[in-house]
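Trainee: Pasting a structure below so you can have a look.
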Amino acid sequence: MQAPILINEPLLTPDMKRTRSGATQLFRKDYKDRQFTSEENADVVLRPPERHLFAELIGGQWCWVNGCAECNGKPRDWMTYIECDKHDVCRTCKTPRSQLTESPWGGKHGWQCKPCAEIEHEAEKVEALAAMPEEHDEIDYRLEDNPRCPYCDLQFEVESEEIDGMVNSEQERECERCDDTFTIEAEVSVTYSTPRIKRAAQGKESLR
């Protein structure tokens with residue numbers, strides 16, 4: 001773990017509030033001003049000597065600390081904010097981000113380069129399709145509480161705002177696992193309840 005590095009900036013004071021904008025560190029002293037902090041209205045703007053460092057107040061002094069999870073002995077995850085050059089690599093083939101020609105895919109254990117993601121996707125697709133029974137029965141995919149892909153049996157979620165457009169209207173969807181397309185329709189049933197109206201005690205005799 002890298003030791004904190006004291007920031008040599010005379011304009012910094014312990015009562016300033018620090019905001020991170022990527023690697024850039026923005027400092028403001030006026031807490032009453034509720035404007036969104038930007039480089040234009042910040043009192044101090046600092047860029048770290050290395051992109052994985054960020055400013056933190058330690059013992060009343062602002063210091064550069066290492067924000068890379070793996071440098072700090074922690075696993076990579078979805079919330080990994082900034083990584084050092086050594087650890088900013090594809091989780092599968094270890095290719096550095098600087099050598100990528102296409103945008104990577106994020107993931108639970110760090111990002112993955114597109115070629116590795118495609119290889120992994122194809123392997124998962126082949127495995128899922130091979131596990132399906134040879135005979136397909138449409139009835140197995142009707143009136144389901146949770147929709148499933150009829151090709152690879154992947155269960156997926158439908159966002160609440162999507163449901164209105166699916167009621168009594170088929171929509172086409174592509175499976176994120178096997179890449180096959182199918183139609184989906186939300187089927188709604190209507191039920192009724194007819195309880196008796198509760199009346200005052202003196203009116204009970206007339207109801208008998």
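Trainee: Identify all residues within the range 63-90 that are in contact with a helix residue (DSSP H, G or I) (Cβ under 9 Å, 6 or more places away or on another chain), surrounded by fewer than 18 Cβ atoms within 10 Å (Cβ to Cβ) and of a type in the set (D, E, K, R); write none if there are none.
Mentor: Within the range 63-90, Asp85, Lys86 qualify.
Trainee: Testing Glu56 on (1) surrounded by 15 or more Cβ atoms within 10 Å (Cβ to Cβ); (2) over 21 Å from the mean Cα position of the chain (by Cα); (3) in a loop (DSSP other than H, G, I, E, B); (4) charged (D, E, K, R), one condition comes back false. Which one is that?
Mentor: It fails just one condition, (3).
Trainee: Which of the helices (runs of 4 or more DSSP H) found entirely inside the range 91-208 contain at least 1 residues meeting this: surrounded by 13 or more Cβ atoms within 10 Å (Cβ to Cβ), out of contact with any helix residue (DSSP H, G or I) (no Cβ under 8 Å at 6 or more places or on another chain) and modelled with pLDDT under 95? Write out each step before concluding.
Mentor: Values: elements: 114-130, 160-166, 204-207.
Helices (runs of 4 or more DSSP H) meeting the threshold: 160-166.
Trainee: Another question, then. Here are some residues: Ala23, Ala69. Which one is in contact with an Asp or Glu (Cβ under 8 Å, 6 or more places away or on another chain) and closer than 24 Å to Gly110 by Cα?
Mentor: On the way: Ala23 fails: in contact with an Asp or Glu (Cβ under 8 Å, 6 or more places away or on another chain).
Only one candidate passes the filter, namely Ala69.
The values are calculated or read from the model by the stated rules, or taken from the named source; none is laboratory data. Model, not experiment: these values are computed from the prediction. Please note: Cβ atoms are built from the backbone with ideal geometry, for glycine as well, and neighbour counts cover all protein chains shown.
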